[in-house]
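Colleague: What follows is a structure written as structure tokens; I'll ask about it next.
The values are calculated or read from the model by the stated rules, or taken from the named source; none is laboratory data. Please read all numbers here as calculations on a predicted model, not as lab measurements. Positions of Cβ are generated from backbone atoms using ideal geometry, with glycine treated the same way; all protein chains shown enter the neighbour counts.
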Amino acid sequence: MTGALDAALGYAARGWPVSPWATRGNRKFPLSGHGHLDATTDRAILEQWWARWPGGIPAIATGEPSGVVALDVDIRPAGSGFDSLGELGVVLHPEGPTTHTPQGGCAVLFRWPGYFVKTCSGELGPHLDVRGDGGSLIVPPGPGRFWDPHLGPDTPLLAMPEWMRIVEPESEPISRGAAPFRPQRLSRFAEAALDAAVKAITSAPDGQQRDTLNREVYCIAGLARSGVLPTGLAIEALQWATRQLRSYDLRRPWRTAELDKIVRGAFADGLMHPRQPKRWGA
């Protein structure tokens, strides 16, 4: 699918990291295995991916990596996201880049506001999805998807509307003095893998903390699923590691609830797709 590769390279040229996806019915899944965690702007990697999966559909990583967030308005037999917007008192007249979706809905792209934007489905209202940090958005030429003729990808990104922000109760800032996880008898491989993950998380530099946390939690969860590590110990160790993260932006320090969501999401993903121990060697 030369058109898909050309599109992927075009998105990458805009600074939007891309990964290849596929669809089966209403289900969407990443071909590279880790979705937005694999997304890249590297031309050579994108060409390799589409040589391997010529039918791949490009999806951009949303949130901080691309500087893009999206409102995905679905139309389903059970209802319409446009009706949900009306109930919120929002009259949506897209003025930013807009893609049309197979069922007649659309996704409108906005500028990432510089703070964490929750990726969620249905929390704003029925059939309304927000694609923010830790999310991804399938874009044209995916099946039934096309850019609006008047609002294509060259359209300037507008500021994300304040009503798209999911406000949650504040949690206490991270306490770096939390007690470390309880030691347990582990194999040499398991101990080395867990120690390496904790070290990678706690030493991640500014701008790479979220991606590092997602990646390491995902890998450790795969080992827990494979029986290499006890699940309880793995989660306890990972949660302890997140509490050691440095808050580089003191205006928005890391908070327990936010980090726990990242850990839970990546761990659940890793349990579904366990990785092989060869990642760390014998």
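Colleague: Looking for something more than 17 Å from the chain's Cα centre (by Cα), farther than 27 Å from Ala22 by Cβ, modelled with pLDDT under 90 and not hydrophobic (A, V, I, L, M, F, W, C) - is there at least one such residue anywhere in region 95-103?
Modeller: The answer is yes; a qualifying residue exists.
Colleague: Let me ask you something else. I'm checking my understanding of the structure. Among residues of region 113-126 that are within 20 Å of Gly63 (Cα to Cα) and surrounded by 14 or more Cβ atoms within 10 Å (Cβ to Cβ), which one is nearest to the chain's Cα centre (by Cα)?
Modeller: By that ranking, first place goes to Thr119.
Colleague: While we're looking at this one, here's another question. Quick check on region 77-112: of everything there that is part of a strand (DSSP E or B) and of a type in the set (Gly, Ala, Ser), which residue is surrounded by the most Cβ atoms within 10 Å (Cβ to Cβ)?
Modeller: Applying the filter and picking the extreme gives Ala107.
Colleague: Does Phe146 meet the test of being at pLDDT 90 or above, over 15 Å from Tyr11 (Cβ atoms) and either surrounded by fewer than 17 Cβ atoms within 10 Å (Cβ to Cβ) or not assigned by TED's automatic domain parsing to the domain that holds Asp211 (or both)?
Modeller: It is false that Phe146 is at pLDDT 90 or above, over 15 Å from Tyr11 (Cβ atoms) and either surrounded by fewer than 17 Cβ atoms within 10 Å (Cβ to Cβ) or not assigned by TED's automatic domain parsing to the domain that holds Asp211 (or both).
Colleague: Could you please find all residues in region 205-219 being in contact with a Leu (Cβ under 8 Å, 6 or more places away or on another chain) and either more than 14 Å from Ala266 (Cβ to Cβ) or not hydrophobic (A, V, I, L, M, F, W, C) (or both)?
Modeller: Gln209, Asp211, Asn214, Arg215, Glu216, Tyr218
Colleague: For residues in region 37-54 being small (Gly, Ala, Ser) and closer than 14 Å to Trp21 by Cα, which is farthest from the chain's Cα centre (by Cα)?
Modeller: By that ranking, first place goes to Ala51.
Colleague: Tell me the residue from Leu223, Leu229, Leu238, Leu250 that is part of a loop (DSSP other than H, G, I, E, B), crowded, with 20+ Cβ neighbours inside 10 Å and not assigned by TED's automatic domain parsing to the domain that holds Gly134, please. Can you show your working first?
Modeller: On the way: Leu223 fails: part of a loop (DSSP other than H, G, I, E, B); Leu238 fails: part of a loop (DSSP other than H, G, I, E, B); Leu250 fails: crowded, with 20+ Cβ neighbours inside 10 Å.
Selected residue: Leu229, the only one of Leu223, Leu229, Leu238, Leu250 that is part of a loop (DSSP other than H, G, I, E, B), crowded, with 20+ Cβ neighbours inside 10 Å and not assigned by TED's automatic domain parsing to the domain that holds Gly134.
Colleague: Would you call Ile57 in the same structural domain as Lys28 (by TED's automatic domain parsing) and either touching a Pro at 6+ places or on another chain (Cβ under 8 Å) or of a type in the set (Ser, Thr, Tyr) (or both)?
Modeller: Yes; evaluated as a whole, the condition is true for this residue.
Colleague: Condition first: touching a Lys or Arg at 6+ places or on another chain (Cβ under 8 Å), crowded, with 22+ Cβ neighbours inside 10 Å and at pLDDT 90 or above. Can you find one or more residues in region 23-39 that meet it?
Modeller: No, there is no match, as no residue in region 23-39 is touching a Lys or Arg at 6+ places or on another chain (Cβ under 8 Å), crowded, with 22+ Cβ neighbours inside 10 Å and at pLDDT 90 or above.
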